[in-house]
Amino acid sequence: MTSLTLALSKGRILDDCLPLLNAVGIAPSVDAGRLLRIPTQDPGVELLEVRPTDVPTYVEYGAADLGIVGKDILLEHGGGALYEPVDLGFAVCRLSVATKNDSPLVKNPRHNFGRRLRVATKYPEVTRRYYATLGEQVEVIKLYGSMELAPLVGLADVIVDLVATGGTLRANGLVEIETIFTSSARLVVNKAAMKMKHAAIRALLDRFVGAVASA
């Protein structure tokens with residue numbers, strides 16, 4: 001039997017995809033606890049639980065045959081080395097530009113401060129590409145958390161971050177001014193594995209497609 005390994009993002013996506021894994025027949029067969037390699041209901045499929053930003057790397061380099069990860073992370077990573085056959089349709093959010101309620105950028109997102117716009121984000125590559133399409137060079141400040149604080153203390157003019165409901169932005173006196181793209185969880189596949197384990201991966205993909213269609 002051909003064995004397959006599926007890398008999963010820790011956190012929200014892992015929680016959100018458990019019903020889907022059940023529907024596909026590859027939910028964890030044991031209480032994962034602190035396990036990082038998790039057996040499933042299907043003896044031919046093992047799960048790896050890794051940091052969200054590491055999922056594309058595990059799949060790209062063949063440590064996992066498949067992965068489930070947000071589109072935002074794929075775009076930041078650069079997904080050219082992976083197949084992305086299925087939009088799983090959950091963990092939907094948007095990557096947006098936000099600023100203070102009283103910023104001149106609210107009325108004019110292209111407002112000229114007489115210097116490069118300062119943008120705080122954990123998505124530096126996506127951010128640079130986005131502003132490049134607008135013909136703007138920006139100063140990108142990489143942060144790993146508490147993104148909403150950056151405009152409030154003058155660290156940045158705007159932030160680029162994921163937004164689901166917008167509640168955190170509103171609570172901190174920020175407002176969305178532009179949407180870069182909508183993100184959702186995607187199933188990705190290692191290109192070499194798709195050739196070497198084609199039948200097993202194709203069968204698993206078909207189970208995912210069927211489960212998503214009937215959800």
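The values are calculated or read from the model by the stated rules, or taken from the named source; none is laboratory data. These figures come from a predicted structure and were not determined experimentally. When we count neighbours, we look across all protein chains shown, and the Cβ atoms used for this are built from the backbone with ideal geometry, even at glycine.
Looking across Thr168, Thr179, one residue alone is under 21 Å from Ile13 (Cβ atoms) and exposed (fewer than 13 other Cβ atoms within 10 Å of the Cβ). It is Thr179. Here's a check for you: in region 22-48, which residue that is among the acidic types (Asp, Glu) and in contact (Cβ under 8 Å) with a residue 12 or more places away in the chain is farthest from Tyr123 (Cα to Cα)? Filtering first and then ranking leaves Asp42. Condition first: buried (at least 16 other Cβ atoms within 10 Å of the Cβ), in contact (Cβ under 8 Å) with a residue 60 or more places away in the chain and not β-branched (Val, Ile, Thr). Can you find one or more residues in region 49-56 that meet it? Yes, there is a match, as at least one residue in region 49-56 is buried (at least 16 other Cβ atoms within 10 Å of the Cβ), in contact (Cβ under 8 Å) with a residue 60 or more places away in the chain and not β-branched (Val, Ile, Thr). Looking only at residues in region 139-165 that are surrounded by fewer than 13 Cβ atoms within 10 Å (Cβ to Cβ) and not hydrophobic (A, V, I, L, M, F, W, C), the one that is nearest to Leu105 (Cα to Cα) is Gly154.
Just checking, how many residues over region 115-138 are in contact (Cβ under 8 Å) with a residue 40 or more places away in the chain, farther than 19 Å from Arg94 by Cα and buried (at least 19 other Cβ atoms within 10 Å of the Cβ)? Final tally of qualifying residues: 1. Scanning region 89-110 for residues that are under 25 Å from Pro56 (Cβ atoms) and surrounded by fewer than 20 Cβ atoms within 10 Å (Cβ to Cβ) gives Gly89, Phe90, Val92, Cys93, Arg94. The lone criterion from (1) touching a Lys or Arg at 6+ places or on another chain (Cβ under 8 Å); (2) surrounded by 16 or more Cβ atoms within 10 Å (Cβ to Cβ); (3) not assigned by TED's automatic domain parsing to the domain that holds Met194 left unmet by Asp65 is number (3).
For Val189, state whether it is assigned by TED's automatic domain parsing to the domain that holds Gly67 and under 19 Å from His77 (Cβ atoms). It would help to see each step written out before you state the result.
On the way: assigned by TED's automatic domain parsing to the domain that holds Gly67: yes; under 19 Å from His77 (Cβ atoms): yes.
Judged against the criteria, Val189 is a match.
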